[in-house]
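Trainee: Got a structure for you, written out below as structure tokens; questions coming shortly.
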Number of protein chains: 2
Amino acid sequence: MMIPNWLMKRADLTPDRMALSFEGEQWTFRQLKEEAVEIARKLRKNGLMEGERISLLGPSTPDMVFIIHGCLLAGLEIVMLNSKLSTREIAWQLDDCKASTVIVADEFLSRVENLKTNVLTFSTLKSSGQQDLSITAMWDPSRTMTIMYTSGTTGHPKGVRQTVGNHTSSALSSVLNLGLNEADIWLCTMPLFHISGFSILARSVIYGMGVRLYEKFDTLAVTDEVRNGTVTRISVVATGLQRLLDELEKSDTIAHASLRTVLAGGGPVPDEYLRRAEKYNLPVLQTYGMTETSSQTATLSSEDALRKSGSTGKPLFFNQIKIREEEKPGDLGEVLIAGPHVTPGYIGYAADKNPLENGWLPTGDIGYIDEDGYLFIVDRRSDLIISGGENIYPAEIENVLLSCPNVLEAGVCGQDHPEWGSVPIAFIVKDGEISESELETYCREQLAGYKVPKAFHFVEQLPRNASNKLLRRELKEWMKRK
Amino acid sequence: MMIPNWLMKRADLTPDRMALSFEGEQWTFRQLKEEAVEIARKLRKNGLMEGERISLLGPSTPDMVFIIHGCLLAGLEIVMLNSKLSTREIAWQLDDCKASTVIVADEFLSRVENLKTNVLTFSTLKSSGQQDLSITAMWDPSRTMTIMYTSGTTGHPKGVRQTVGNHTSSALSSVLNLGLNEADIWLCTMPLFHISGFSILARSVIYGMGVRLYEKFDTLAVTDEVRNGTVTRISVVATGLQRLLDELEKSDTIAHASLRTVLAGGGPVPDEYLRRAEKYNLPVLQTYGMTETSSQTATLSSEDALRKSGSTGKPLFFNQIKIREEEKPGDLGEVLIAGPHVTPGYIGYAADKNPLENGWLPTGDIGYIDEDGYLFIVDRRSDLIISGGENIYPAEIENVLLSCPNVLEAGVCGQDHPEWGSVPIAFIVKDGEISESELETYCREQLAGYKVPKAFHFVEQLPRNASNKLLRRELKEWMKRK
């Protein structure tokens, strides 16, 4: 079915409801539409035409939100660039995605300045003239709306297409699980270039729900919002939840009764946090989602939060989950996903890869479904390291290390970390002189900071199986013995 | 996108939530599923196969609900028969729809006994053996789920196809307008064979929302539910709203704060009712829907209920409305509708008719859209008489009158009525002897009671235009002068 242009329809339905607030300023849906239409006209004036692919690099600010919606109104495909990436990583993605232009916040300009790409800064865009454009009232559900890069087991990030239909069905599935109230306000401290943050913007315009936006997770501010009842929903990763809990415990105050959902995604939430959350009135719902599924595939419903603690719930209304080769409930296996929220595929070098096997998306994650139908994730996708909600694929770091002079072999795995959940650690076999600090400097030039290994261990050889495949699980065992 | 089998998915997601209550008995979604699966197996045992078309005639009881869901699980198309129809009218619909079997509540058996159709009573079905069947987990959105007959200007009822996609998108559009809460319970006193009642059953399983079912509008019971906060949503037609208001006024009590929506459809609601409703805390939202749109196309949002009193609101999220040949806001014209909730077409004699013109459904209703985008219906579709929420098409009654001996010409129009909103009145030109009571007896044999004219006026000639078309609006003028 055709899907209405989210923002135009929403501004028509509830123009005077609060759409966005940031540092004390507020915008209604009518105002958000006006800002976005103006940006769309300026994009046209800059020669960006319907169907064109651009990339976007900016912080979580109102300008970024206006530009995202402006791009959508102008019919552009947006490659959402992760602002934590190194210049080298950004260059790789820009080369792969073939975006005609990178639209960049002025403070991030240095990240893209020397690249062979057309650059349009936020300030240049905003001071541009305007050109009329016709804004389509209805969207084709198969239109690619956003592209987000995510690495796989090979270490090469793939640009995942997220369509109008993907995002819309994801928002609809979620509303049938979480419910909806006119007074709902979602606190967004998640990066907008991640599906966790972008999906909040999508829900906002589809539901007519306000967003309180923060540039980053500000523990004191978030705690105040939660305590004062100024937000009804909030998305967190385990690290943020822990900081929020610490703060509530310090002041011994509980969350306000109007807080209805603490959606906890981006990796496992330790059971201990859940117990503490209960005490402080935080209705934590664990969720299971990924870039390829435009946010949540399964989420625990509030009535099951305590009874099924540790589970990520059941597949939401339009979604399906099964375990590969499951014979009976409880069997462990790879988690497979189907539904209208699953990406139709990739762009760039991976454009020809079909993400599905027989209609199902293999996730690489290992889990089981219990007798009542609840999904439990036991092991994240092959060696994935989740650090503060960011996914880190060991192979990507190993590729960088292997390109370093005097490194013969490299193996990376995650080490438990009290604040970030996990951090990457490297094991190196050298064939010349190189020091730990030289390796770190090398990595820092080429990788986002959160991907730089926190330690480099020099070893004689790496654990490999008969077919010479690196056994990263063995590395983990080695670390425990250290 | 494929749509999950509503009840199977719902019973999987929230098995222990209340799904249905009736006269003190309750069923959870798990129990509802068990009842429906059993019915589906019994339907198979009776030889009813996937894709087959049956017709269903029954009251608003739990058995009826189980059978509706059982039919859906068994993959049957259901022709929903209006139990107020005369035997002759039912015979006509059965002949037109070519249903293989009519499934009938025992108390209605006499209505179909002498017809040439295969009959399966509720009691026979329930005492049948069972046969295994495979229940599909996913539904094709284009599958015809229900068929409801509605008359047009020609006087011949047409069987309107309502698909899985029609009903589902209708429920989704509505939830984005009304919101959703786990504790939501919808009071259903509307006939299940009408889209107003059936759509409550659909929302129930799509949302995971309980339904408190009544066989008919019981003013005292409904007032109690509303006063005690045992329901959060209720659908009414103007007649029901008036009775509810009378009762609240009599006892001078107001509706409970947990009542969030009084959805008022099936025709205009007098402004006076809206003012009284405000006083008694009834959050009345006027809605505009029809059989061809599987329930609501537009509904006033709660924040606009008072500010835009008299309007039926804006087209819901997935829907579109425009006024034929509108040049500026406020222009009067025929209301045209588009969206995923609009029927793909008819069955039977009208199967070849395309309900759409250039992708839009012409409604025959006259209205305008104001400067803020709110729809106001000024005149219901060509001469339509709405009596207690039931649609009456004058041409259908005229056809019956013309078949009566000694009637030369007949014209029917609506007369305002304090309780029913409007009732049909007939004007007759005779060419032989016939009395008012003979005409009434003749009509009563062939028409549902609510369609039988409340008065028969004998005249010399009927008002016609140059091309001899009956001018029903003139009849209305005649009546005022009487």
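The values are calculated or read from the model by the stated rules, or taken from the named source; none is laboratory data. It should be emphasised that the depicted structure is a prediction, and the values quoted were computed from it without experimental measurement. Every residue, glycine among them, receives a Cβ derived from its backbone with ideal geometry; neighbour counts consider all protein chains shown. Keep in mind that these areas ignore ligands, DNA and RNA; they rest on the heavy atoms of the full protein, side chains included. Shrake-Rupley method; radii C 1.70, N 1.55, O 1.52, S 1.80 Å.
Trainee: Express in % the proportion of alpha carbon pairs of the range B:79-202 at distances exceeding 23 Å.
Mentor: Across the range B:79-202, Cα pairs with separations above 23 Å total 46 percent.
Trainee: Given the Cα atoms of the range A:1-48, and with Rh set as the inverse mean 1/r over their pairs in the Kirkwood sense, what is Rg to Rh to two decimals?
Mentor: With Rg and the Kirkwood Rh in hand, the quotient comes to 1.07.
Trainee: Are there GluC sites (Glu not before Pro) in the range B:225-333 that DSSP puts in a loop and that have at most 16 other Cβ atoms within 10 Å, and which ones?
Mentor: Passing sites in the range B:225-333 are B:325, B:326, B:327.
Trainee: Right, something else. Can you give the accessible area buried between chains A and B, summed over both chains, with a 1.4 Å probe, in Å² to the nearest 100?
Mentor: Heavy-atom accessible area buried at this interface is about 3100 Å².
Trainee: If you project the alpha carbons of chain B onto their three principal axes, what span does each projection cover, largest first, in Å?
Mentor: 65, 54, 49
Trainee: Treating each Cα of the range B:3-139 as an identical point scatterer and ignoring solvent, apply the Debye formula and state log10 I(q)/I(0) at q = 0.09, 0.13 Å⁻¹.
Mentor: Debye curve over Cα of the range B:3-139, log10 I(q)/I(0) at q = 0.09, 0.13 Å⁻¹: -0.27, -0.55.
Trainee: Continuing with the same structure: Provide the gained length on full extension for the span residue B:25 to residue B:45, in nm with one decimal, where the gain is 0.36 nm per separating residue minus the Cα-Cα distance.
Mentor: Difference between extended and current length: 4.4 nm.
Trainee: Kirkwood hydrodynamic radius, computed over distinct alpha-carbon pairs, for the range A:384-481: how many Å, to one decimal?
Mentor: Here the Kirkwood hydrodynamic radius works out to 13.5 Å.
Trainee: Using modelled amide H (1.01 Å from N, peptide plane; none on Pro or chain starts), what sits under 5 Å from the amide H of residue B:455, excluding residues fewer than 5 places away?
Mentor: Here the answer is B:426, since their amide H atoms fall under 5 Å of that of residue B:455.
Trainee: Determine, from the Cβ-Cβ distance of residue A:322 and residue A:34 and an R0 of 45 Å, the FRET efficiency 1/(1 + (r/R0)^6), rounded to the nearest 0.05.
Mentor: 0.50
Trainee: For chain B, what is the accessible area per residue in Å² when the probe is 1.4 Å?
Mentor: 39
Trainee: P(r) tail for the protein assembly as shown, what percent of Cα pairs lie past 57 Å?
Mentor: Pairs farther apart than 57 Å: 19 percent.
Trainee: Sticking with this structure for a sec: Residues with amide H under 5 Å of residue B:76's amide H, sequence separation 5 or more or different chain, H placed in the peptide plane at 1.01 Å from N; which?
Mentor: Here the answer is B:51, since their amide H atoms fall under 5 Å of that of residue B:76.
Trainee: Residue A:228 versus residue A:253, label points 7 Å from Cα toward the beta carbon: distance in nm?
Mentor: With each label point 7 Å from Cα toward Cβ, the separation is 0.9 nm.
Trainee: Ranked from highest to lowest mean number of other Cβ atoms within 10 Å per residue, what is the order of the peptides A:359-372, A:56-69?
Mentor: A:56-69, A:359-372
Trainee: With the cut-off at 22 Å, report for the range A:153-282 the share of all Cα pairs above it, as a whole percent.
Mentor: In whole percent, the long-distance tail amounts to 38.
Trainee: Additional query: Starting at the first residue of the range A:10-24, write each ³J(HN,Hα) from the Karplus equation 6.51 cos²θ - 1.76 cosθ + 1.60 with θ = phi - 60°, in whole Hz, x for Gly and Pro.
Mentor: Coupling constants for the range A:10-24: 5, 5, 6, 6, 9, x, 9, 6, 5, 9, 8, 9, 7, 6, x Hz.
Trainee: Here is a further query. Read phi for every residue in the range B:101-117 and hand back ³J(HN,Hα) as whole Hz from Karplus 6.51 cos²θ - 1.76 cosθ + 1.60, θ = phi - 60°, with x for Gly and Pro.
Mentor: 8, 10, 8, 9, 5, 3, 5, 9, 4, 4, 6, 10, 4, 8, 8, 7, 8
Trainee: What residues of the range A:293-322 lose no less than 50 Å² of accessible area with every protein chain in place versus their chain by itself (probe 1.4 Å, heavy atoms only)?
Mentor: Listed by number, the residues meeting the 50 Å² cut-off are A:303, A:314, A:317, A:318.
Trainee: Of all accessible surface on the protein assembly as shown at a 1.4 Å probe, what whole percent is carbon and sulfur?
Mentor: 47
Trainee: Next up: Among A:100, A:446, A:117, which residue has its Cα positioned farthest towards the positive end of the charge dipole of chain A, with +1 placed on the Cβ of Lys and Arg, -1 on the Cβ of Asp and Glu, and the dipole taken about the Cα centre?
Mentor: About the Cα centre, the residue reaching furthest to the positive side is A:100.
Trainee: Something else now. Can you pull a Stokes-Einstein diffusion coefficient for the range A:176-217 at 20 °C (1.002 mPa s), Rh from Kirkwood over Cα pairs, as a whole number of µm²/s?
Mentor: 203
Trainee: Please work out the ratio of the alpha-carbon Rg of the range B:301-434 to 2.2 N^0.38 Å and round it to two decimals.
Mentor: Ratio of Rg to 2.2 N^0.38 Å for the range B:301-434: 1.31.
Trainee: Rg and Dmax of the range B:206-290 over Cα atoms: what are they, in angstrom?
Mentor: Reported Rg and Dmax, both Å: 12.1, 37.
Trainee: Continuing with this model, one more query. Could you tell me what percent of the DSSP beta bridges with both partners in the protein assembly as shown are antiparallel, to the nearest 5?
Mentor: Counting DSSP beta bridges with both partners in the protein assembly as shown, the antiparallel share is about 60 percent.
Trainee: Then there's this: Counting only DSSP beta bridges with both residues in the range B:1-131, what percent are antiparallel, rounded to the nearest 5?
Mentor: The antiparallel proportion sits near 25 percent.
Trainee: Which entries of B:216/B:314; B:158/B:476; A:98/A:454; B:9/B:98; A:158/A:314; B:250/B:279 show an alpha-carbon separation above 22 angstrom in the structure shown?
Mentor: Going by Cα-Cα distance, B:216/B:314; B:158/B:476; A:98/A:454; B:9/B:98; A:158/A:314 fall outside the 22 Å limit.
Trainee: Let me ask you something else. Please compute, for peptide A:163-173, the average count of beta-carbon atoms on other protein chains lying within 10 Å of each residue's beta-carbon.
Mentor: 2
Trainee: A further question follows. Which distance in Å, rounded to a whole number, links the C-alpha centroids of the range B:435-469 and the range B:87-119?
Mentor: Between the Cα centres of the range B:435-469 and the range B:87-119 lies a distance of 27 Å.
Trainee: So how much slack lies between residue A:132 and residue A:480, counting 0.36 nm per residue of separation and subtracting their Cα-Cα distance, in nm?
Mentor: Fully extending the segment from residue A:132 to residue A:480 adds 119.0 nm.
Trainee: How many angstrom separate the Cα center of the range B:337-375 from the Cα center of the range A:320-346?
Mentor: 40
Trainee: Quick one: which residues, 5 or more positions from residue A:180 or on another chain, have an amide H under 5 Å from its amide H? H modelled 1.01 Å from N in the peptide plane, none for Pro or chain starts.
Mentor: For residue A:180, whose amide H was placed from the backbone, the distant partners under 5 Å are B:180, B:181.
Trainee: On alpha-carbon atoms, Rg over Rh for the range A:312-354 using Kirkwood Rh?
Mentor: Over the Cα atoms of the range A:312-354, Rg/Rh equals 1.09.
Trainee: Okay, next question. With a point put 7 Å past each Cα toward its Cβ, work out how far residue B:357 is from residue A:370 in nm, to one decimal.
Mentor: 5.9
Trainee: Let me ask another. Would you calculate a helix-derived [θ] at 222 nm for chain B, using -39,500 (n - 2.57) for each DSSP H run of n ≥ 4 and dividing by the full residue count, to the nearest 500?
Mentor: Per the formula, -9000 deg cm²/dmol.
Trainee: With a 1.4 Å probe on protein heavy atoms only, tell me which residues of the range A:1-31 lose at least 30 Å² of accessible surface in the complex relative to the chain by itself.
Mentor: Buried-area filter returns A:1, A:4, A:9, A:12, A:13, A:17.
Trainee: Any chance you could check the range A:174-192 for residues losing 40 Å² or more of accessible area when the partner protein chains are in, compared with the chain on its own (1.4 Å probe)?
Mentor: A:176, A:180, A:182
Trainee: Which of the three applies to the range B:151-226, rounded, prolate or oblate, going by the alpha-carbon gyration tensor with a ≥ b ≥ c and a/c under 1.5 meaning rounded?
Mentor: Here the range B:151-226 falls in the oblate category.
Trainee: Give the distance, in whole Å, between the Cα centre of the range A:188-236 and the Cα centre of the range B:279-294.
Mentor: Here the answer is 33 Å between Cα centres.
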